[in-house]
Amino acid sequence: MRLKDKVAVITGAGRGIGKAVALAFADAGANVVAVDLAFPPVEETADEIRARGGRALAVRADVSKSDDLVKMAEAANREFGGIDILINNAAIADIKPKPFLEVTEEEWDKIMSVNLKGVFLSCKAVFPYMKTRGKGKIVNISSGTHFLGAPGLIHYASSKGGVIGFTRTLSRELGQFEITVNSVAPGFTITEGVSSLLATPGVDEMTVARRSIKRRQMPEDLIGAIVFLSSDESDFITGQTVVVDGGVALH
Ligand SMILES: NC(=O)c1ccc[n+]([C@@H]2O[C@H](COP(=O)([O-])OP(=O)(O)OC[C@H]3O[C@@H](n4cnc5c(N)ncnc54)[C@H](O)[C@@H]3O)[C@@H](O)[C@H]2O)c1
């Protein structure tokens, strides 16, 4: 019960990595605020948590919309009496690769508004509640694409690099409030979000072959690092990025 009675907001909790984190956080004792674009998926996450004996609130919010996030944070505070943890996981990850010259300005703006601005707006909405608590934990989900480069995903990889710059800067601003801000950068992880990439011949084999640990990465592989960075055990660690990819990007 490493997160016992903590209130954790997890964006993009309707499926994939976000859902796995939401379930694991509930098992670790947290009260979970599961945020996603649409019901029913995020309501199902909350239902699963309740069925396992945990406490959860499902909130429909678009992380690229400030008003949605302010209302989400108010609802979380009403339900659970504060906010301790924010996992910025929501992103558009399901992207058909294409050469950078073919990426339109609209596609670039859309990815940036969800994957990067969404992290900024979520932090703004949640910060007042962490400040009141006198402590807080923010974990931003980046991506190994930032370290490796990802041909065909120029907008996605750029947004995820931005998340790391954002993390480092915000950690310096919020340390005075005992709020830690860290990133976790997953490698290629089997979720619905990468189904079109996974369908590309050779991608699955290539991602396994280049790892030190030669197997597929699953959402559950990310839980240890994310729980650690959300728990009291990491109170003196901030501004860092933990790469969880089975040993691809070494630095
Ligand atoms: N799967 C991978 O290989 C991989 C690798 C590196 C990083 N990541 C990152 O991990 C995170 C989760 O990825 P995933 O594979 O589970 O993706 P996914 O597509 O399976 O799930 C993403 C969730 O975010 C939600 N979402 C999307 N836009 C949203 C918005 N505007 N507002 C609220 N919710 C929104 C979706 O509805 C979905 O439920 C993302 O940040 C992704 O970039 C994934």
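The values are calculated or read from the model by the stated rules, or taken from the named source; none is laboratory data. It should be emphasised that the depicted structure is a prediction, and the values quoted were computed from it without experimental measurement. Note that we place each Cβ from the backbone using ideal geometry, even for glycine, and neighbour counts take in every protein chain shown. All accessible areas refer to the heavy atoms of the entire protein, side chains included, with ligands and DNA or RNA removed. Shrake-Rupley method; radii C 1.70, N 1.55, O 1.52, S 1.80 Å.
With all protein chains in place and ligands, DNA and RNA left out, the 1.4 Å accessible area ranks His146, His155, His251 as His251, His146, His155, largest first. Each other residue within a Cβ distance under 10 Å of Asp245 adds +1 if Lys or Arg and -1 if Asp or Glu, for a net charge of +1.
Put a dot 7 Å past the Cα of Ile213, heading toward its Cβ, do the same for Asp109, and the two dots end up 4.2 nm apart.
Solvent exposure of Asp36, expressed as accessible area, is near 40 Å², computed with a probe of 1.4 Å over the protein chains only. Relative contact order for the chain: 19 percent, from Cα pairs under 8 Å spaced at least 6 residues apart, divided by residue count. Full extension of the chain between Arg172 and Ile237 gives 22.2 nm of extra length, using 0.36 nm per residue less the Cα-Cα distance.
Out of the chymotrypsin sites (Phe, Trp or Tyr not before Pro) in region 181-251, which ones are loop residues according to DSSP with at most 16 other C-beta atoms within 10 Å? Answer in residue order: Phe236.
Let me check I've understood the local charge: for Val181, count other residues with C-beta under 12 angstrom from its C-beta, Lys and Arg +1, Asp and Glu -1. What total comes out? Its environment carries a net charge of +1. Once you divide the Cα radius of gyration of region 157-251 by 2.2 N^0.38 Å, the number left is 1.23. For the chain, modelled as a GNM whose springs connect Cα atoms under 10 angstrom apart, the maximal fluctuation among Gly193, Gly149, Gly82 occurs at Gly149.
Across Arg168, Arg211, the residue with the most accessible area heads the list, and the full order at a 1.4 Å probe is Arg168, Arg211. Highest mobility in the GNM of the chain, judged by mean-square fluctuation with C-alpha springs under 10 Å and restricted to Ile87, Ile138, Ile95, is found for Ile95. About its Cα centre, the chain has a charge dipole of approximately 460 debye under the convention of +1 per Lys or Arg Cβ and -1 per Asp or Glu Cβ, with nothing else charged. For region 42-90, what class follows from the C-alpha gyration tensor (a ≥ b ≥ c being the square roots of its eigenvalues): rounded when a/c is under 1.5, otherwise prolate if a/b is larger than b/c, else oblate? Because a/c hits 1.5 or more and a/b exceeds b/c, region 42-90 counts as prolate. Heavy-atom accessible surface of Arg133, to the nearest 10 Å², is about 100 Å², with a 1.4 Å probe and all protein chains retained. Structure remark: mean-square fluctuation, Gaussian network model of the chain, C-alpha springs under 10 Å; the largest value among Thr191, Thr167, Thr180 belongs to Thr191. Bridgeable aspartates and glutamates around Lys96 (alpha carbons under 17 Å apart, same-chain partners fewer than 8 residues away excluded): Glu105, Glu106, Glu107, Asp109, Glu192, Asp204. Here the sum of -39500 (n - 2.57) over DSSP H runs of 4 or more residues, divided by the residues of the chain, equals -13500 deg cm²/dmol at 222 nm, to the nearest 500.
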